[in-house]
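The values are calculated or read from the model by the stated rules, or taken from the named source; none is laboratory data. Just so it is clear, the model here is predicted, and its values are computed rather than measured. Cβ atoms come from the backbone with ideal geometry, glycine included; neighbour counts cover every protein chain shown. The area values use the complete protein model at the heavy-atom level, side chains included, leaving out ligands, DNA and RNA. Shrake-Rupley method; radii C 1.70, N 1.55, O 1.52, S 1.80 Å.
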Amino acid sequence: MIEKTIATMRVPFVDLQAQHAPLRDEMDRAFRGLVDRGDFVLGGAVEKFETEYAAFIGTKHAIGVGNGLSAIELALRAHGVSAGDEVIAPANTFIATALAIMSVGATPVFVDMDPATYTIDPRAVSAAVTSRTRAIVPVHLYGQPIDLDSVMAVAGRHNLLVVEDAAQAHGARYKGRRAGSIGNSAAFSFYPSKNLGALGDAGMITTNDDAAAAKMRLLRNYGQRVKYYHSVAGTNSRLDTLQALMLSIKLPHLDGWNAARRRHAAAFNALLAGHVGTPAASPDVEHIYHLYVIETDRRDALQQRLKARQIDSGIHYPVPAHLQEACAPLGYKAGTFPATEKAAARILSLPMYAELTPQQIEYVAEAIRE
């Protein structure tokens, strides 16, 4: 039976049409209402979604911004990180983490990952602290929260800020608390393919710090408290009203979507055990599997095989942050972070979204097992 379906089944990497189909009428009504009102920038829906998201994450404040990179940048700026400071971050991350640090004039100090979880190694964080270290930006990569107790302990010993990069961890939990509620602040991206995705770029900062939240609101909107009166040198990075409306519609579904992803990951783990390396999740976390990442020595050949079977896949990330051309001035060389570099040559992300069917999961697994 599987032999007949292998040549015909299409499995996209992400299927946003399947996600949006049951929400289409509600989204259409929200869009028409927005057009009628005309409050396209910082409209009432933005404040409403900020309130909803803060309640969901468990923080006092949520500040909507233009994208995930801006969320990290503005969080660092609001907490006073600037030129001359060092900020510790994992080498195994999307480049936005490093670019945000560099955008405030600080220097990224990369460290290696824990090979079991692919997230930042807390022992490496401790070893990287210097007299110039001001902050840590740990990344909840692929939807799995980091070992926050260990990282927060390092921060506490050295009086460092922690800005969680939660761009892939919407709704994930660490020891019962949501990712994004434990550090000094946290940054989220609502890029369309995320577990909670907008219809374009969008981002959010969460924090319990009243003074930092007030500064973030200034910084995102030209530094103005009152229109045309600018008290700080801000920027233009505002969450569009349209995106806030769409995200408000999706937010009540997020926990259910994440639960479906965990079920799909468990099914993949069972079907692929002994064939490829499958992801390990710490017992302290609730992994939300933004990405389902396997590991194999035959990564490139396997990706081509899946492509031939009309199965999409991805590589997150083929070049670690410390070896990117944009980071060349930092002086890192190949071999500096062996765990990260080994993974970069072996990892492959399989299709993962809430609407995956058991037949699609079996089809992908069978193509890999063959």
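Taking the Cβ of VAL65 as the centre, find all other residues whose Cβ is under 11 Å away and add up their charges (Lys, Arg: +1; Asp, Glu: -1). Neighbourhood net charge equals -1.
Can you tell me the relative contact order of the chain? Whole percent, Cα pairs under 8 Å, sequence separation 6 or more. Mind dumping the intermediate values first?
Numbers: 771 pairs, mean separation 85.1, N = 370.
About 23 percent, as a whole number.
Name the residue, out of PRO279, PRO122, PRO358, whose mean-square fluctuation peaks in a Gaussian network model built on the chain with Cα pairs under 10 Å. Answer for the Gaussian network model of the chain: PRO358.
3J(HN,Hα) couplings calculated from phi for the stretch 87-92 with the Karplus curve 6.51 cos²θ - 1.76 cosθ + 1.60 (θ = phi - 60°) are, in sequence order, 10, 7, 8, x, 6, 8 Hz; Gly and Pro show x.
Averaged per residue, what accessible area in Å² does the chain show with a 1.4 Å probe, protein chains only?
On the way: 15470 Å² over 370 residues.
Heavy-atom SASA per residue in the chain reads 42 Å².
Taking label points 7 Å from Cα along the Cα-to-Cβ direction, ASN208 and LYS307 give a separation of 4.8 nm. Here the chain carries DSSP beta bridges of which approximately 60% are antiparallel, counting only pairs with both residues inside.
Carbon and sulfur: what percent of the stretch 65-112's accessible surface (1.4 Å probe)?
Numbers: 630 of 1130 Å².
It is 56 percent, rounded to a whole number.
As a calculated quantity, the FRET efficiency between GLU355 and ILE95 at R0 = 30 Å, using C-beta atoms, amounts to about 0.55.
For LYS175, a cut-off of 20 angstrom between C-alpha atoms picks up these lysines, skipping any fewer than 8 places away in its own chain: LYS60. For the stretch 80-121, the relative contact order is 45 percent, taking Cα pairs closer than 8 Å that sit 6 or more residues apart in sequence and dividing their mean separation by the residue count. All distinct Cα pairs of the chain go into the 1/r average, and the inverse of that average, the Kirkwood radius, is 21.2 Å.
Note on the stretch 281-370: percent of Cα-Cα distances in each 10 Å bin, starting at 0 and stopping at the bin with the largest distance, equals 14, 38, 31, 14, 2. With the charge dipole of the chain set up from +1 on Lys and Arg Cβ and -1 on Asp and Glu Cβ about the Cα centre, the Cα lying farthest toward the positive end among the listed residues LEU148, LEU34, PHE49 is that of LEU34. If we count trypsin sites (Lys or Arg not before Pro) as exposed when they sit in a DSSP loop and have at most 14 other beta carbons within 10 Å, what is the longest stretch of the chain that avoids them all? Answer from the scan: 61-131.
Here the 3J(HN,Hα) profile of the stretch 131-142, calculated from phi with Karplus coefficients 6.51, -1.76 and 1.60 at θ = phi - 60°, is 5, 9, 5, 10, 7, 10, 10, x, 10, 7, 6, 6 Hz, Gly and Pro shown as x.
Our summary of shape: the Cα atoms of the stretch 18-130 have principal axis extents of 55, 34, 25 Å, ordered from largest down, in whole angstrom.
Across GLU325, GLU52, GLU286, mean-square fluctuation computed from a Gaussian network of the chain (C-alpha pairs under 10 Å connected) peaks at GLU325.
Would you work out the charge dipole size for the chain about its Cα centre, treating the Cβ of every Lys and Arg as +1 and the Cβ of every Asp and Glu as -1, and quote it to the nearest 20 debye? Let's see the in-between values first.
Values: 37 positive and 37 negative charges, 65 e Å.
Charge dipole of the chain: 320 debye, to the nearest 20.
For a Förster distance of 41 Å, can you work out the FRET efficiency between the beta-carbons of ALA280 and GLN224, rounded to the nearest 0.05?
Working: r = 47 Å, r/R0 = 1.16.
After rounding to 0.05, the efficiency reads 0.30.
Fraction of C-alpha pairs exceeding 14 angstrom in the stretch 194-273: 73 percent, rounded to a whole number. According to the calculation over all Cα-Cα pairs in the stretch 114-177, the P(r) per 10 Å bin from zero is 22, 55, 22, 1 %.
Report the gain in length on full extension from PHE31 to GLU52: 0.36 nm times residue separation, minus Cα-Cα distance, nm rounded to one decimal. Please list the in-between numbers first.
Numbers: separation 21, 0.36 × 21 = 7.56 nm, distance 1.91 nm.
The span from PHE31 to GLU52 would gain 5.7 nm if fully extended.
No solvent, one uniform scatterer per C-alpha: report log10 I(q)/I(0) for the stretch 153-308 via the Debye equation at q = 0.14 1/Å, two decimals. For the stretch 153-308 at q = 0.14 Å⁻¹, log10 I(q)/I(0) is -0.89.
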